[in-house]
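Peer 1: Got a structure here, written out as structure tokens. Questions coming.
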Amino acid sequence: MNTQFVGQPIRRVDGRLKVTGGARYAADFNLDEHVYAVIVNATVGLGRIVSIDQAAATRLPGVIAVISHLNAPRLAYHPHKGAIDPATGERLHVLQGDQVRFYGQPVAVVVADTLDQAERAAAALSITYAAKRPAVDPSASDTTEIMAEASKGPKAYYPADTARGDADAALATAPVRIDAFYDTARENHNPMEPHATVARWDGDRVTLWSKTQFVVNEQAEIAAIFGIPTENVQVISPFVGGGFGTTLRTWSHVTIAALAARQVGRPVKLALTRKQMFFTTGHRPRSLQRVALGATPDGKLTSIVHEGRGETSRYEEFIEALTAGTGFMYSCPNVRTQYRIVPLDTGTPNHMRGPGEAQGMFALECAMDELSYELGIDPIELRRRNEPEIDESTGKPFSSRSLMPCYDRGAELFGWAQRNPAPRSMRDDREYVGMGCASATYPVLFSPTRARARLLADGTAEIEVAASDMGPGTYTSMTQVAADALGLPLDNVRFSLGRSDFPPAPPHGGSQTMASVGSAIRAACAAVLEAAARNREVRPIEAEGSAQRDPEVAARFSMHSFGAVFAEVGIDSDVGTIRVRRALGVYGAGRIVNPRLALSQCTGGMVGGIGMALMERTMLDARDGRLVNAHMADYLMPVNLDIDRLEAHFVDEEDPHVNPLGVKGLGEIALVGMAPAIANAIFHATGTRLRNLPISIENVLTA
Amino acid sequence: MLLFTLQKAGSPEDAIAAAQAGARYIAGGTTLIDLMREEVERPERLVDINALPLKDIRVEGEDLVFGALARMSEIAAHPDVLRLQPLVAESLIEGASPQLRNMASIGGNLLQRVRCPYFRMHDAACNKRQPGSGCTALDGLNGGHAILGTSEQCVATHPSDVAVAFVALDATMRVRGPDGERSFPVEELFRLPGDTPHLEHTLLPGELILEVRVPGGAHARQARYLKVRDRASYEFALVSAAAALEIEDGVIRTVRIACGGVGTKPWRMRACEQALIGRPPDRANLEAAAKLALEGTRPLAHNHYKIELLPRTIARALEMAGELA
Amino acid sequence: MSDTAQSFPTRVDISLTVNGEPVDARVDVSRHLVDFLRLDLGLTGAHAGCEHGVCGACTLQVDGEIVRGCLMLAAQLDGAEVWTVEGLTETGALADLQAAFVERNALQCGFCTPGMLFAAADILAQGGQPSRVAIREHISGNYCRCTGYEAVVDAIETVAGARARGEEVSA
């Protein structure tokens, strides 16, 4: 493999556009003659719409249409499930009936000449409801847990139940035990760019300038909803202002934009407000978990029990990797996991950075820390004593696993040896100081992808894939891969993404873009070089290539990334303020294509983990399902002053099995592990074990 | 936003006349426009007062006088403020981001609306927005709400940081209305919710804030603001304390304490102050006095932690002020 | 909305300069500055992120001060001097900061970047070499959800040092 550029800290190729305001996000597309749509959201948490009085709204200047279930056309809503849609259940059919399933559900859309006019008309709509009390708290007695259809059976991707040995019996007889409950909050992704779609119909063809991490799925979903051929939908999404999973699915506002544009016969721009993003663009589900560990006095695990519950909606069964890491993280003869979901009267959750792993590893890694104190063994040493030879959940060898090298490197860089192991033993002036660590993991995904490569007469090349770049640097890293594969200078390669008429890519999520798109680009480049060698006259000349995981390799290896995360916190001895004084992550993530971009991706994920640990929580009022803090002033996430020293490092890791590039992905694992490392550091600082996230001043003071 | 009209006032008289005709004053707009976007504030007429000559910051003896339209950023960076009233500067810096500090006027800061998520949602019952409709926060998610000065009608906290400093420092304000000018302590600007939570301040119809005067003195030069919050920036106080101290011959001669985040208005802690006069500023005395702040507190379902946090915050703020000596 | 209010004018004429160019416009009084720039003038470099003054994506310069474009009415800006990232790119005023942001990879998705550059330029305009804490404080009104902030502080620190030493940083 030619690696002139791959592995180099190349500056991002889209940097100049982004620092000059030239990058165009969905809402930046201004079409001639476009009008504005504003969604009206339900103000009850469950029930039905009794009446909609639109007379006053319709009379206002500039109003073109008021569309609700009363007058909206019935949409086809043909069955369609993309790779990221819940396997069971049916998506929200928007403006198709009087039923209100959750607070904030779209119930009408107003279209007007200007944004202000549309907002005023939306406010002038008078809607009455017959409301019932919704169930929104998964820990409350009015909810019931279920086994998700897609998690049934031993072959399920996220199985409801797994077991090896007899974990409960082993727990009962274990010389040392811990058994605890953990609760992680509902979170919203809150990328900086709000969701937006500009829709324009030309006959029965529609073009969507839209924020999405999965352009071909948006194309297929809108085609299915409107009952038109897939090729009649064109999705354009050159820049995505952050996603973290929220734009993997095609949510109801995209349908509403297309519907409104078709109804009024003009292009429509629809941008969600920040508040509306909390209603209808998914969320990380709250989790309720029990982890019990049994061990011998010298720290060998004899039992792991991990029971987890996550939220879902009434109409779809959202499942994720809540207990997925538990089976292979540590060597243990007796392991039982159980995963259930709790249907609630809310919108459907969706994948948020490190989906499932973030919450599941929080519980498991806090439990490991608790066990280390119970045993009086250093938490890193405890993990070393339980480091498995193979993936004991499948019996397969790991394609590569660098957990202990990550710990060793991290411990050295972090100065773990300076830690006094006794809780509440370290102080710095007014702060109790604590140091904690935790493991991180995420699977190495690799999905079928196609790419197109074109060589031009002037010696340059064009590469096209329907991929996305929500920020990590897809534009840059793919340019590096293509330049190496073609033997061209970087400047001679132009990589384009974000169009549904390009060859299809998998979702820009699950840390698989580098593996999947990168491998397909290599294949396309090889194909075009071969074609060019056969035909030296014709230019431009193009070829497509594809890549997917070799099933034979997949059958032989267990493929995951691993990392070790360290945090040092300071807790104010008077007022309980919690400060992350420094944090450090070391990851074994295969080949690093661009260290300059990869380090940023990691520190960004770590800040996400700090938010999860200390701030982020979407609050619902159980009386009516109302989202109480659906805006950025009350939904706290870390700002610059909350962050002090952050470092990310990589251990050298060559993995020839995962994919042709030997990359493992970084986006998810960078968040996983941070929250437990912080919670463990808070215990070390204070001697108080706090198991519910986020951990706030209130918890520290009143524990 | 809903429809409204906007006119510009060229003089205080113009402004007051417009207000008498039903217009609301707009200066920096950082509260009003935010709440208009949420349709919580629904003024039909606005009068822009930014052109009025009320921007000066001046020193009179040891006193500082701020024109009502002086921006938070200008006051916070003013050398005389840093020299004579460091507490005012600190509370302003802690109060908002640089961009908002550049926009927000000192008069508007005092007139910020309460911090309550249900107040911000026009589809939730709120006695402040719609008298008699009920208080959603009383039995709702009220972790951020007040433990002092509440009523069955309203439990929301006042959000201003600098108002806490002003109340601690016995600041006064001068206002002009249709019937002339009057001055009164800033502390008297704020009303308790009682049975009339929709009335938040004591300004009469049409009255315009002209200036705020902060008396100086040795205690004002030795004063700190401690804001305890769940993140380090851009977040309202869980509890805050402004503390000013004058220590002579090892004992406290003058002390001023006011708190934010706990009251339905900025809350002066006079019992704590009295307990400290004539005593050495040692930790035991500070802690004992700080506990007196709990008199009359009434926690709600989700804000018991403020009972724990309030005295700790006061004691620490006093200690911080003492360290300036 | 009552009929009374509608009998008053709800549109006003404004004359201002945007990026050094005179602009005359008749605007709805409810038009926010950021929407005026983005929708009426096509200057999409300022972004609307939260629309209530928290996130900083709409940070702009008005009469030399950085402000929130989402909490300011265009109608209030008669006679004002407004600069957006497009204008300051053209004048070169941000060139060294822009180069440093790219060099240090102080951006990922880029949505917060124009606003962040304004906040960064503002602290640099105060001169000297600000501490990292001072930099963090000054840009704490500008959220970034991607980078982890470290690189942003690094980039600003670098430019402050270069400016203090009188070095030219090329774009």
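The values are calculated or read from the model by the stated rules, or taken from the named source; none is laboratory data. Worth saying up front: this structure is predicted, and the values here are computed from it rather than measured. Cβ: placed from backbone, ideal geometry, glycine included. Neighbour counts: every protein chain shown.
Peer 1: Considering every residue within the stretch C:98-118, establish whether at least one is touching a strand residue (DSSP E or B) at 6+ places or on another chain (Cβ under 7 Å) and among the hydrophobic types (A, V, I, L, M, F, W, C). I'd like the intermediate steps shown before the answer.
Peer 2: Initially, the stretch C:98-118 is screened for residues touching a strand residue (DSSP E or B) at 6+ places or on another chain (Cβ under 7 Å), giving C:115, C:118.
Those left that are additionally among the hydrophobic types (A, V, I, L, M, F, W, C): C:118.
Among the residues of the stretch C:98-118, at least one is touching a strand residue (DSSP E or B) at 6+ places or on another chain (Cβ under 7 Å) and among the hydrophobic types (A, V, I, L, M, F, W, C), which makes the answer yes.
Peer 1: Could you figure out which of (1) under 21 Å from C:Asp63 (Cα atoms); (2) of a type outside the set (Asp, Glu); (3) surrounded by fewer than 21 Cβ atoms within 10 Å (Cβ to Cβ) isn't true of B:Ala104?
Peer 2: Result: B:Ala104 passes all but (3).
Quick grid of which residues meet (1) crowded, with 21+ Cβ neighbours inside 10 Å; (2) among the aliphatic types (A, V, I, L, M); (3) over 27 Å from B:Ala23 (Cα atoms):
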| residue | (1), (2), (3) |
| --- | --- |
| B:Gly132 | no, no, no |
| B:His145 | yes, no, yes |
| B:Gly149 | yes, no, yes |
| B:Glu152 | no, no, yes |
| B:Phe166 | yes, no, yes |
| B:Thr172 | no, no, no |
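Peer 1: Determine whether B:Lys291 is closer than 22 Å to A:Leu614 by Cβ and in contact (Cβ under 8 Å) with a residue 12 or more places away in the chain.
Peer 2: Numbers: closer than 22 Å to A:Leu614 by Cβ: no; in contact (Cβ under 8 Å) with a residue 12 or more places away in the chain: yes.
Criteria not met by B:Lys291.
Peer 1: Restricting to the stretch B:215-253, name every residue that is within 14 Å of another protein chain (Cβ to nearest Cβ), in contact with a Leu (Cβ under 8 Å, 6 or more places away or on another chain) and not acidic (Asp, Glu). Can you show your working first?
Peer 2: Here is the first cut: in the stretch B:215-253, the ones within 14 Å of another protein chain (Cβ to nearest Cβ) are B:224-241, B:243.
Checking the rest, the ones that are also in contact with a Leu (Cβ under 8 Å, 6 or more places away or on another chain) come to B:224-225, B:228-233, B:235, B:238-241, B:243.
B:Arg224, B:Tyr225, B:Val228, B:Arg229, B:Arg231, B:Ala232, B:Ser233, B:Leu238, B:Val239, B:Ser240, B:Ala241, B:Ala243, listed by residue number.
Peer 1: While we're on this one: Return a yes/no flag: does the stretch C:85-96 have any residue that is among the hydroxyl-bearing types (Ser, Thr, Tyr), part of a loop (DSSP other than H, G, I, E, B) and either facing chain A (nearest Cβ under 10 Å) or within 23 Å of B:Gly10 (Cα to Cα) (or both). Outline the logic, then answer.
Peer 2: Keep residues of the stretch C:85-96 that are among the hydroxyl-bearing types (Ser, Thr, Tyr), which gives C:89, C:91.
From what's left, part of a loop (DSSP other than H, G, I, E, B): none.
The answer is no, given that none of the residues of the stretch C:85-96 is among the hydroxyl-bearing types (Ser, Thr, Tyr), part of a loop (DSSP other than H, G, I, E, B) and either facing chain A (nearest Cβ under 10 Å) or within 23 Å of B:Gly10 (Cα to Cα) (or both).
Peer 1: A follow-up question, please. Could you say which residue among A:Leu627, A:Leu584 is in contact with a Leu (Cβ under 8 Å, 6 or more places away or on another chain) and more than 14 Å from chain C (Cβ to nearest Cβ)?
Peer 2: Working: A:Leu584 fails: more than 14 Å from chain C (Cβ to nearest Cβ).
Residue meeting the stated conditions: A:Leu627.
Peer 1: Could I ask something else about it? Residues that are of a type outside the set (A, V, I, L, M, F, W, C): find the strands (runs of 3 or more DSSP E) completely inside the stretch A:418-516 holding 3 or more of those. Give the derivation first.
Peer 2: On the way: elements: A:426-428, A:431-443, A:449-455, A:461-464, A:493-496.
Per the criteria, A:431-443, A:449-455.
Peer 1: Oh, and also: Within the bounds of the stretch B:296-304, is there any residue that is of a type in the set (S, T, N, Q) and out of contact with any strand residue (DSSP E or B) (no Cβ under 7 Å at 6 or more places or on another chain)?
Peer 2: Just the residues of the stretch B:296-304 that are of a type in the set (S, T, N, Q), to begin with: B:297, B:303.
Next, only the ones that are out of contact with any strand residue (DSSP E or B) (no Cβ under 7 Å at 6 or more places or on another chain) stay: B:303.
For the stretch B:296-304, residues of a type in the set (S, T, N, Q) and out of contact with any strand residue (DSSP E or B) (no Cβ under 7 Å at 6 or more places or on another chain): present.
Peer 1: Under 6 Å between Cβ atoms, which residue pairs at least 6 apart in sequence (or on different chains) link something in the stretch B:299-314 that is more than 9 Å from chain A (Cβ to nearest Cβ) with a partner that is in a helix (DSSP H, G or I)?
Peer 2: Pairs found: B:Pro299/B:Ile307; B:Leu310/B:Ala293; B:Pro311/B:Ala290; B:Pro311/B:Lys291; B:Pro311/B:Ala293; B:Ile314/B:Ala290; B:Ile314/B:Ala293.
Peer 1: Now for a separate question. Looking at the structure I just gave you, is A:His684 touching a residue at least 24 places away in the same chain (Cβ under 8 Å), surrounded by fewer than 21 Cβ atoms within 10 Å (Cβ to Cβ) and either more than 9 Å from chain B (Cβ to nearest Cβ) or not in a loop (DSSP other than H, G, I, E, B) (or both)?
Peer 2: No, not satisfied.
Peer 1: Next question. Condition check: more than 27 Å from A:Thr212 (Cα to Cα), under 19 Å from the mean Cα position of the chain (by Cα) and either aliphatic (A, V, I, L, M) or modelled with pLDDT under 95 (or both). Does C:Ala162 satisfy that? Before the answer, list the steps.
Peer 2: Working: more than 27 Å from A:Thr212 (Cα to Cα): yes; under 19 Å from the mean Cα position of the chain (by Cα): no; either aliphatic (A, V, I, L, M) or modelled with pLDDT under 95 (or both): yes.
The answer is no for C:Ala162.
Peer 1: Another question about this same structure. Taking helices (runs of 4 or more DSSP H) that fall entirely within the stretch B:58-177, which contain at least 2 residues that are within 24 Å of A:Leu641 (Cα to Cα) and without any contact (Cβ under 8 Å) to a residue 40 or more places away in the chain? Explain how you work it out, then say what you get.
Peer 2: On the way: elements: B:72-77, B:79-84, B:86-95, B:98-103, B:106-110, B:162-168.
By residue number, B:72-77, B:86-95, B:98-103.
Peer 1: List the pairs whose first member sits in the stretch A:415-440 and is in contact (Cβ under 8 Å) with a residue 12 or more places away in the chain and closer than 21 Å to A:Ala670 by Cα, whose second member is among the β-branched types (Val, Ile, Thr) and crowded, with 16+ Cβ neighbours inside 10 Å, and whose Cβ atoms are under 6 Å apart, counting only residues at least 6 apart or on separate chains?
Peer 2: That search, which allows pairs on different chains as well, returns A:Ala438/A:Val565; A:Ala440/A:Val565; A:Ala440/A:Ile669; A:Ala440/A:Val672.
Peer 1: Just one of A:Val639, A:Val651 is more than 14 Å from chain B (Cβ to nearest Cβ) and either closer than 27 Å to A:Gly563 by Cα or among the basic types (Lys, Arg) (or both); which is it? Outline the logic, then answer.
Peer 2: On the way: A:Val639 fails: more than 14 Å from chain B (Cβ to nearest Cβ).
After applying the criteria, what remains is A:Val651.
Peer 1: Can you tell me which residue within the stretch C:135-162, out of those that are in a helix (DSSP H, G or I) and within 11 Å of chain B (Cβ to nearest Cβ), is nearest to A:Leu666 (Cα to Cα)?
Peer 2: Applying the first criterion (in a helix (DSSP H, G or I)) to the stretch C:135-162 yields C:135-138, C:150-162.
Add one more test, that the residue is within 11 Å of chain B (Cβ to nearest Cβ), and what stays is C:136-138.
Details: C:Arg136: 26, C:Glu137: 29, C:His138: 30 Å.
So, considering only residues that are in a helix (DSSP H, G or I) and within 11 Å of chain B (Cβ to nearest Cβ), the one nearest to A:Leu666 (Cα to Cα) is C:Arg136.
Peer 1: Exactly one of these conditions fails for B:Gln112: (1) farther than 16 Å from B:Lys265 by Cα; (2) under 14 Å from the mean Cα position of the chain (by Cα). Give me its number.
Peer 2: With (1) farther than 16 Å from B:Lys265 by Cα; (2) under 14 Å from the mean Cα position of the chain (by Cα) applied to B:Gln112, the lone miss is (1).
Peer 1: Looking at the stretch A:128-146, is at least one residue in contact with a Lys or Arg (Cβ under 9 Å, 6 or more places away or on another chain), within 14 Å of chain C (Cβ to nearest Cβ) and either under 30 Å from A:Gln263 (Cα atoms) or assigned to a loop (DSSP other than H, G, I, E, B) (or both)?
Peer 2: no
Peer 1: Another question, if that's okay. Select, from A:Arg314, A:Arg385, A:Arg336, A:Arg286, the only residue that is at pLDDT 95 or above and buried (at least 24 other Cβ atoms within 10 Å of the Cβ).
Peer 2: Numbers: A:Arg314 fails: buried (at least 24 other Cβ atoms within 10 Å of the Cβ); A:Arg385 fails: buried (at least 24 other Cβ atoms within 10 Å of the Cβ); A:Arg336 fails: buried (at least 24 other Cβ atoms within 10 Å of the Cβ).
Only one candidate qualifies: A:Arg286.
Peer 1: Which members of the stretch B:248-307 meet the condition of being assigned to a loop (DSSP other than H, G, I, E, B) and under 15 Å from B:Val167 (Cα atoms)?
Peer 2: Of the residues in the stretch B:248-307, the ones assigned to a loop (DSSP other than H, G, I, E, B) are B:249-250, B:261-262, B:264-266, B:269, B:277-282, B:295-304.
If the condition is that a residue be assigned to a loop (DSSP other than H, G, I, E, B) and under 15 Å from B:Val167 (Cα atoms), then B:Gly261, B:Val262, B:Thr264, B:Lys265, B:Pro266, B:Met269 are the ones that fit.
Peer 1: Filter the stretch A:6-30 for residues that are farther than 14 Å from A:Ser237 by Cα and of a type in the set (A, V, I, L, M, F, W, C); which is farthest from the other protein chains (Cβ to nearest Cβ)?
Peer 2: This residue is A:Val6.
Peer 1: Mind checking whether some residue in the stretch B:245-253 is touching a residue at least 24 places away in the same chain (Cβ under 8 Å), among the β-branched types (Val, Ile, Thr) and under 30 Å from B:Thr31 (Cα atoms)?
Peer 2: Within the stretch B:245-253, the first condition is being touching a residue at least 24 places away in the same chain (Cβ under 8 Å), and the residues that meet it are B:245-247, B:250-253.
This time we only want the ones that are among the β-branched types (Val, Ile, Thr), so: B:247, B:251-252.
In the following step, the residues that additionally are under 30 Å from B:Thr31 (Cα atoms) were identified as none.
No: zero hits.
Peer 1: Follow-up. Just name the residue that is farthest from the other protein chains (Cβ to nearest Cβ) out of those in the stretch C:39-69 that are farther than 19 Å from C:Ala120 by Cα and either surrounded by 23 or more Cβ atoms within 10 Å (Cβ to Cβ) or touching a helix residue (DSSP H, G or I) at 6+ places or on another chain (Cβ under 6 Å) (or both).
Peer 2: Applying the first criterion (farther than 19 Å from C:Ala120 by Cα) to the stretch C:39-69 yields C:39-44, C:50-52.
Within this subset, residues satisfying the condition of being either surrounded by 23 or more Cβ atoms within 10 Å (Cβ to Cβ) or touching a helix residue (DSSP H, G or I) at 6+ places or on another chain (Cβ under 6 Å) (or both) are C:43-44, C:50-52.
On the way: C:Leu43: 8, C:Thr44: 4, C:Cys50: 4, C:Glu51: 6, C:His52: 5 Å.
Among those that are farther than 19 Å from C:Ala120 by Cα and either surrounded by 23 or more Cβ atoms within 10 Å (Cβ to Cβ) or touching a helix residue (DSSP H, G or I) at 6+ places or on another chain (Cβ under 6 Å) (or both), it is C:Leu43.
Peer 1: Could I ask something else about it? So is A:Ala532 assigned to a helix (DSSP H, G or I) and surrounded by fewer than 23 Cβ atoms within 10 Å (Cβ to Cβ) or not?
Peer 2: yes
Peer 1: Would it be correct to say that A:Thr184 is within 30 Å of A:Ala292 (Cβ to Cβ), of a type in the set (S, T, N, Q) and away from chain C (no Cβ under 14 Å)?
Peer 2: In short, yes.
Peer 1: Of the residues that sit in the stretch A:175-200 and are buried (at least 20 other Cβ atoms within 10 Å of the Cβ) and of a type in the set (A, V, I, L, M, F, W, C), which one is farthest from A:His351 (Cα to Cα)? Walk me through how you get there before you give the answer.
Peer 2: Here is the first cut: in the stretch A:175-200, the ones buried (at least 20 other Cβ atoms within 10 Å of the Cβ) are A:178, A:182, A:184, A:186-200.
Of the ones still in play, those that are also of a type in the set (A, V, I, L, M, F, W, C) are A:178, A:192, A:196, A:198-199.
Values: A:Ile178: 30, A:Met192: 17, A:Ala196: 19, A:Val198: 24, A:Ala199: 26 Å.
Among those that are buried (at least 20 other Cβ atoms within 10 Å of the Cβ) and of a type in the set (A, V, I, L, M, F, W, C), it is A:Ile178.
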